[in-house]
Amino acid sequence: MMTMKPNRRQVIATGAGLAAATLATPAIAASAIEWRMVTSWPKNLPGPGVTAERLAARITAMSGGRLKVKVHAAGELVPPLEVFDAVASGTAEMAHTASFFWQGKVPAAAFFTAVPFGLTPIEHITWIDHGGGQAIWDDLYRPFGVKPFMAGNTGFQMGGWYRREIEGLDDLKGLKIRMPGLGGEVLRRLGATPVSIPPGEIFPALQSGVIDATEFLGPWSDAAFGFYKVAPHYYWPGFHEPNGTGEALVSVKAFAALPDDLKAVVSAAAAAENARALGESEWENGAALKRLIDDHGVKLKRFPDAVLDAARAESEAVFADFAAKSTENARVWASFQAARERLGQWSRVSQAAFLTVRDS
């Protein structure tokens, strides 16, 4: 068998090619784009804190290191409830948070996390992706130079932790409860006093008596905070938040500066993490709820019918008042309500009906 020996020109060309490749490697690394992600969550908090870390790692890996995202937990770079402003001002290129924190800035923002008696997690994803929700969300944040993505979901929420039992509507009178968003307004109309507190500050407020009750997420995340140590009554259903969408906020300016393939990476990473986090929360919540009851003596209780009926009625009143305040609000509510009606009919004869039969 004849072996071909490279000639002098081939050797020189090959050597030049290897040298060029060697020189190109550090050049690519040197040109990597670096983003700061600020979050509203304590570092590695089960649920949203884990999601933020994983989203940053996913973007970095999917981009081959061309877009590196560094996570700053709540308070490391900016306070937890100022991450929207940080992205809007350019202090950070990205954030991970929840939209209902911006209700004072963008009244309709709450609809993109959760709404009392609103959409379930799958229904909410369907509204955003297929029912026009994303376009409305983009329009709401565009004046601030911010683009939102669904990027994590903690699933169905629990009704919250209470230091004392709730046996009827009278027990809500004067109750100080940590509950942001439209759910807080519903409870205010029922006589409670809603308080907005960043996640990392909830436990000391509950322990010291600054608040009498709190809601947060589901059993997995709630157990990590140890709420059961001072408020043993754990109520369901979480009528105020039947969904738990986390949002990734991205600077419009920073996003526009990316090449098209890296824009696609950011979008795909957010969508992948949204699906991953929802499944993870469902899995972990099931185990965490059992541990809370079996190992910590948590008392799982259903809200009285009188409370649920009154909350449902007040929710509809809150929506009507909200929609009447501006054309922007009316547009959001009309889209959300149309999705709830369209998807609700199907959910009743599919998921709800099946679960009733399966678990009977």
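What pairs come out if I take residues in region 167-180 that are within 15 Å of Y234 (Cα to Cα) and pair them with residues that are among the β-branched types (V, I, T) and part of a strand (DSSP E or B) whose C-beta lies under 8 Å away, six or more apart or interchain?
Partner pairs satisfying both residue conditions: I177/T193; I177/V195; I177/T214; R178/V195; R178/T214; M179/V195; M179/T214.
For region 55-71, name all the residues that are surrounded by fewer than 22 Cβ atoms within 10 Å (Cβ to Cβ) and either of a type outside the set (S, T, Y) or free of Cβ contacts under 8 Å to residues at least 40 places away in the same chain (or both).
A57, R58, T60, A61, M62, G64, G65, R66, K68, K70
Is it the case that some residue within region 95-111 is of a type in the set (V, I, T), buried (at least 17 other Cβ atoms within 10 Å of the Cβ) and either in contact with a Lys or Arg (Cβ under 7 Å, 6 or more places away or on another chain) or not in a loop (DSSP other than H, G, I, E, B) (or both)?
Yes, that holds for at least one residue.
Quick check: is even one residue across region 224-233 closer than 30 Å to W333 by Cα, under 23 Å from the mean Cα position of the chain (by Cα) and at pLDDT 95 or above?
no
So, in region 101-110, how many residues would count as being touching a residue at least 60 places away in the same chain (Cβ under 8 Å) and in contact with a Ser or Thr (Cβ under 8 Å, 6 or more places away or on another chain)?
Number of matching residues: 3.
Applying the selection to region 206-220, what residues are under 24 Å from G104 (Cβ atoms) and crowded, with 16+ Cβ neighbours inside 10 Å?
L206, I211, D212, A213, T214, E215, F216, L217
Across region 284-327, which residue is farthest from G159 (Cα to Cα) among those that are among the polar types (S, T, N, Q) and in a helix (DSSP H, G or I)?
Step by step, filter region 284-327, then rank; the result is T327.
Working only within region 69-94, note down all residues that are outside any loop (DSSP other than H, G, I, E, B) and of a type in the set (A, V, I, L, M).
If the condition is that a residue be outside any loop (DSSP other than H, G, I, E, B) and of a type in the set (A, V, I, L, M), then V69, V71, L81, V83, A86, V87, A88, M94 are the ones that fit.
Right, A339: in contact with a Lys or Arg (Cβ under 9 Å, 6 or more places away or on another chain), among the small types (G, A, S), touching a residue at least 40 places away in the same chain (Cβ under 8 Å) and on the phi < 0 side of the Ramachandran plot or not?
Judged against the criteria, A339 is not a match.
Residue under question is R142, and the condition is that it be touching a helix residue (DSSP H, G or I) at 6+ places or on another chain (Cβ under 9 Å), surrounded by fewer than 22 Cβ atoms within 10 Å (Cβ to Cβ) and under 25 Å from V83 (Cα atoms); does it hold?
Here the answer is yes, as R142 does meet what is asked.
The values are calculated or read from the model by the stated rules, or taken from the named source; none is laboratory data. Nothing here was measured: the structure is a model prediction, and the numbers come from that model. Cβ sites come from the backbone with ideal geometry, for glycine too, and all protein chains shown count toward neighbours.
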